[in-house]
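The values are calculated or read from the model by the stated rules, or taken from the named source; none is laboratory data. Computed from a predicted model, the values in this text were never measured in an experiment. Here the Cβ is made from the backbone with ideal geometry for all residues, glycine too, and neighbour counts use every protein chain on show.
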Amino acid sequence: MKEEKFNQRILNIFNIATKDLKLKSHKSKHWEMYDQRSFNLETLKNFRGGKGNLSSGLDDQDAFFSFKIFSNLVKELSEEYILKNCEKKNIGNSNSLLQYKEIYIDFNKLIHIHWFKDIEKYVLNKNIKNFCEIGGGFGSLAELIIKNYNIKLLSIDLPEANLLTSYYLKNKFPSKKFFLYDDYLEKRSLTYNDFIKNDVIILPPEIIIDKKIKIDFFINARSMMEMNYKIINKYFNLIHGHISNKGFFLNINRYEKTTVGAAIRIAEYPYDEFWKVIKSNPSFNQKWIHFLLTQRQFSNHSNNIKKELIKINELGKKYYIKFPILLNKFTKTKKFIRIILNTFFLNKILNLTGKLFLKIGNKLSNIK
């Protein structure tokens with residue numbers, strides 16, 4: 001009963017938020033696809049599969065992924081590390097998960113686990129009390145951080161993503177205190193007291209945040225590349241204004257993406273000069289995406305962000321598209337082919353095949 005009440009609550013919040021004209025202004029051309037989807041109790045419970053498939057565009061689930069990825073991760077991180085961070089429950093009823101040793105192997109989660117390994121190494125051992133994820137999909141990466149380190153989350157995203165994040169994280173952490181958009185509307189601001197009292201705060205853009213609120217760790221993973229530069233600038237103003245002393249910012253985005261109708265490049269993001277580069281390299285298994293971790297620093301700029309952005313620009317040139325219109329046509333064709341393949345191939349057969357390959361991969365990974 002409590003679960004059904006919460007689900008109805010977040011659907012009501014979604015309906016209120018989608019009517020807000022300020023929030024509509026945050027939608028780039030890329031996100032117009034969400035206007036065609038049906039958001040209700042049934043599609044919410046099946047948001048990773050079924051007729052609704054609400055997570056499409058926020059989710060890297062893939063029934064056709066190479067099991068070599070899993071094997072490579074086992075070699076690098078250990079099977080124990082991977083399995084403890086995988087799902088035991090298929091929240092959202094995805095059709096693309098592989099059951100293995102009482103957990104689900106999920107391509108989307110495997111990518112996040114690799115990112116999480118670096119987050120643990122460079123950030124989470126630095127007395128981090130809270131983090132803010134901007135454009136966090138349905139909360140898969142945030143879930144790893146909360147589960148392992150039990151720190152406060154502020155999630156900022158469009159209403160469609162907030163609906164899924166609220167549903168997913170409430171299923172994962174039912175005892176956590178949630179502060180949502182209906183709570184925010186009571187005061188029309190996120191106060192410092194509300195920030196302190198709650199564990200998971202999920203809000204849309206264009207909110208007022210108390211100046212006393214400082215964030216230890218900001219994350220944007222694969223969503224700024226789908227915003228126009230006006231919106232990207234707004235988020236950088238938020239980051240620059242609310243990051244704590246020596247706080248961190250993890251930026252994982254494409255060298256270039258054009259789905260908003262213009263070339264959006266990570267090398268052109270509006271960093272100010274007060275960032276020290278901690279880690280910068282192409283992302284795991286997605287070489288067209290860059291993993292850029294920086295720390296707020298106002299002196300000793302020997303490893304300064306401005307120099308690094310020049311290097312990233314050089315790395316990205318081979319991915320820059322001279323004719324973005326042709327690229328958009330190709331992307332639409334690729335999506336259409338993917339839908340046809342998913343329609344005509346049985347996922348059960350894929351899962352059986354996947355189990356076989358996992359066994360082979362594990363045996364191969366043990367060969368020295």
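A few comments on the model shown:
- Residue in the range 283-294 that is buried (at least 16 other Cβ atoms within 10 Å of the Cβ), touching a residue at least 60 places away in the same chain (Cβ under 8 Å), over 25 Å from residue 261 (Cβ atoms) and aliphatic (A, V, I, L, M) present: yes
- Any hit, the range 236-243, residues being over 30 Å from residue 72 (Cβ atoms), in contact with a Cys (Cβ under 8 Å, 6 or more places away or on another chain) and not aliphatic (A, V, I, L, M): yes
- Subset of the range 97-122 (residues that are outside any helix (DSSP H, G or I) and surrounded by fewer than 22 Cβ atoms within 10 Å (Cβ to Cβ)): 99, 100, 101, 102, 103, 104
- Every pair of residues 6+ apart whose Cβ atoms lie under 6 Å, when the first sits in the range 263-280 and is without any contact (Cβ under 8 Å) to a residue 40 or more places away in the chain while the second is buried (at least 16 other Cβ atoms within 10 Å of the Cβ) and outside any helix (DSSP H, G or I): 275/294; 276/295; 276/297; 277/294; 280/292
- Scanning the range 123-159 for residues that are buried (at least 19 other Cβ atoms within 10 Å of the Cβ) and charged (D, E, K, R) yields 133, 143, 152, 157.
- Here residue 138 meets the list (1) in contact (Cβ under 8 Å) with a residue 60 or more places away in the chain; (2) assigned to a helix (DSSP H, G or I) almost entirely, failing just condition (2).
- Just one of the numbered conditions (1) touching a Gly at 6+ places or on another chain (Cβ under 7 Å); (2) over 20 Å from residue 116 (Cα atoms) is not true of residue 262: (1).
- Test: residue in the range 294-312 that is assigned to a strand (DSSP E or B), among the hydroxyl-bearing types (Ser, Thr, Tyr) and in contact with a Leu (Cβ under 9 Å, 6 or more places away or on another chain): yes
- All helices (runs of 4 or more DSSP H) inside the range 1-58 with 2 or more residues being at pLDDT 85 or above: 2-17, 41-45
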